[in-house]
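Structure first, then comments.
The values are calculated or read from the model by the stated rules, or taken from the named source; none is laboratory data. Keep in mind it's a predicted model, so treat the numbers as computed, not measured. Cβ atoms come from the backbone with ideal geometry, glycine included; neighbour counts cover every protein chain shown.
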Amino acid sequence: MTLPGFDFNQLQSQLQAHLERRLGEACELSLLAHGEANLIFRLGTDRLVRVAVNTPNQRFGGEFSRLTQFEQTVLTYLHGTGIGHELELAQTVPSDDFTYTYLITNYLPGISLDYSREHLQACAETLAYLHSLPRLGYVIEPLKAELAWVSQPLSLFYQEAQDYAQPYLASTAAEPEILAMLRSLLAKAEARLVAEQDLLNYPHTCLVHSDHTYENWVINSQRAYLIDWEWAELGSPAGDLGHFLSPVTICRRQGYQLPASDRAFFLEHYYGALADQELAETICHHFAAFGAFPAVRSLCWTAGYWVTANLWYAEITASDSATRRLQRFRESREQFPMLWQAVMDWLEADDNFNI
């Protein structure tokens with residue numbers, strides 16, 4: 001974890017001096033945003049610098065440089081697709097004059113996902129294109145060295161949900177109501193693990209983004225772009241659909257709840273954009289079996305992060321970004337019973353949609 005009292009201004013000054021030496025040009029930097037993992041700086045008018053300063057993602061083992069290497073691999077694979085940023089330069093090993101790793105990419109103009117039908121259609125088309133890449137000649141083998149290949153996603157997400165919930169389950173401050181909800185949710189998810197066989201019967205593996213918080217979409221009149229690939233993996237496209245449609249994910253945008261009609265609208269445009277009936281049928285089977293599990297994991301993550309990230313943000317107050325995120329964690333407690341019920345209903349539903 002980044003240490004409390006982290007000096008954003010000092011890092012920005014060090015980065016600016018480093019880039020001016022490396023690029024041989026004057027570099028104007030401004031802090032755009034930050035989360036648990038990265039600081040995002042605007043470089044001039046048309047570039048971004050993404051500095052890895054933390055690794056809350058357990059898959060990186062606490063090594064900042066692995067996060068940068070990971071995202072470099074993903075952006076290299078996606079080069080020319082227009083799905084996300086175009087990579088321009090990378091520092092994947094700390095240098096003598098700058099002890100963090102970073103990526104420099106183009107700047108994408110646009111706004112975050114607002115769940116309007118116009119945005120839903122644009123996102124559906126981008127995800128359909130991403131999930132179709134293996135059938136369009138984008139071989140995924142080069143990604144295997146960096147990305148996890150999830151062959152049994154229900155089992156993995158169930159285990160990760162347990163792990164994420166554990167800080168809350170073990171907390172002396174845990175509320176009995178929330179404890180009961182988490183335990184019943186995990187029990188219901190465990191009962192659904194038998195559906196994993198359906199994914200094996202309809203194989204399709206592709207690059208999936210896995211983190212569809214509205215801020216990870218940049219949308220303009222041309223298309224919807226995906227950014228922030230630190231949770232990417234190789235696996236079932238239903239992981240993306242499930243996280244995108246998760247009530248936990250959607251609620252992060254000002255407590256929004258997606259109407260059932262808009263959910264159906266998104267899926268209709270997604271399956272239509274695949275332009276491949278066989279692939280659409282395969283992904284439909286995946287979604288029926290696996291679609292709810294990203295929501296299960298997200299809900300458990302939320303409860304666990306009341307204990308972990310909530311403390312981190314309480315001590316890192318140097319930016320509006322931290323303040324907003326801390327407030328969002330606090331609001332999530334009020335929303336938790338509603339979200340729990342929505343995820344429980346999804347686990348019990350038959351999600352085999354007509355396509």
Please enumerate the residues belonging to region 74-91 that are on the phi < 0 side of the Ramachandran plot and either surrounded by fewer than 18 Cβ atoms within 10 Å (Cβ to Cβ) or among the aliphatic types (A, V, I, L, M) (or both). V74, L75, T76, L78, H79, T81, I83, E86, L87, E88, L89, A90
When the residues of region 283-309 are narrowed to those that are hydroxyl-bearing (S, T, Y) and either within 15 Å of the chain's Cα centre (by Cα) or in a helix (DSSP H, G or I) (or both), which ends up nearest to S151 (Cα to Cα)? S298
Boolean, A124 is more than 28 Å from H34 (Cβ to Cβ), surrounded by 20 or more Cβ atoms within 10 Å (Cβ to Cβ) and under 19 Å from the mean Cα position of the chain (by Cα): yes
Reported set for region 240-270 where residues are farther than 16 Å from D211 by Cβ, out of contact with any Leu (no Cβ under 9 Å at 6 or more places or on another chain) and part of a helix (DSSP H, G or I) is A260, S261, A264, E268
Y102 - would you say it is assigned to a strand (DSSP E or B), within 20 Å of F70 (Cβ to Cβ) and either modelled with pLDDT of 95 or more or of a type in the set (D, E, K, R) (or both)? yes
Could you list all residues from region 113-137 that are in contact (Cβ under 8 Å) with a residue 24 or more places away in the chain, outside any helix (DSSP H, G or I) and either of a type in the set (D, E) or more than 30 Å from D262 (Cβ to Cβ) (or both)? D114
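So that you can scan it fast, the table gives a plain yes or no per residue for (1) aromatic (F, W, Y); (2) within 25 Å of R21 (Cα to Cα); (3) surrounded by fewer than 14 Cβ atoms within 10 Å (Cβ to Cβ):
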{"residue": "E63", "(1), (2), (3)": "no, no, yes"}
{"residue": "F70", "(1), (2), (3)": "yes, no, no"}
{"residue": "T101", "(1), (2), (3)": "no, yes, no"}
{"residue": "I104", "(1), (2), (3)": "no, yes, no"}
{"residue": "P109", "(1), (2), (3)": "no, no, yes"}
{"residue": "H119", "(1), (2), (3)": "no, no, no"}
{"residue": "L130", "(1), (2), (3)": "no, no, no"}
{"residue": "G137", "(1), (2), (3)": "no, no, yes"}
{"residue": "L143", "(1), (2), (3)": "no, no, no"}
Could you check region 145-167 and list, in sequence order, the residues that are modelled with pLDDT of 95 or more, small (G, A, S) and exposed (fewer than 15 other Cβ atoms within 10 Å of the Cβ)? S155
Anything in region 150-186 that is within 23 Å of V208 (Cα to Cα) and of a type in the set (G, A, S)? List them, or say none. S151, S155, A161
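Every residue, every condition in (1) surrounded by fewer than 18 Cβ atoms within 10 Å (Cβ to Cβ); (2) among the polar types (S, T, N, Q), yes or no:
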residue	(1), (2)
G242	no, no
T249	no, yes
G255	yes, no
S261	yes, yes
E268	yes, no
L274	no, no
C284	no, no
F287	no, no
C300	no, no
Working carefully through the options A275, A280, find the one that is more than 20 Å from the chain's Cα centre (by Cα), over 30 Å from L186 (Cβ atoms) and at pLDDT below 95. A275
From P142, P94, which residue is more than 19 Å from the chain's Cα centre (by Cα) and outside the structural domain of F266 (by TED's automatic domain parsing)? P94
Given the criterion in contact with a Leu (Cβ under 8 Å, 6 or more places away or on another chain) and over 29 Å from Y115 (Cβ atoms), identify the matching residue among L185, L179, L200. L179
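Let's see how each residue does on (1) closer than 29 Å to Y129 by Cα; (2) in contact with a Ser or Thr (Cβ under 6 Å, 6 or more places away or on another chain); (3) not hydroxyl-bearing (S, T, Y):
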| position | (1), (2), (3) |
| --- | --- |
| Q14 | no, no, yes |
| E20 | no, no, yes |
| L29 | no, no, yes |
| I40 | yes, no, yes |
| E63 | no, no, yes |
| T68 | yes, yes, no |
| Y77 | yes, no, no |
| L89 | yes, no, yes |
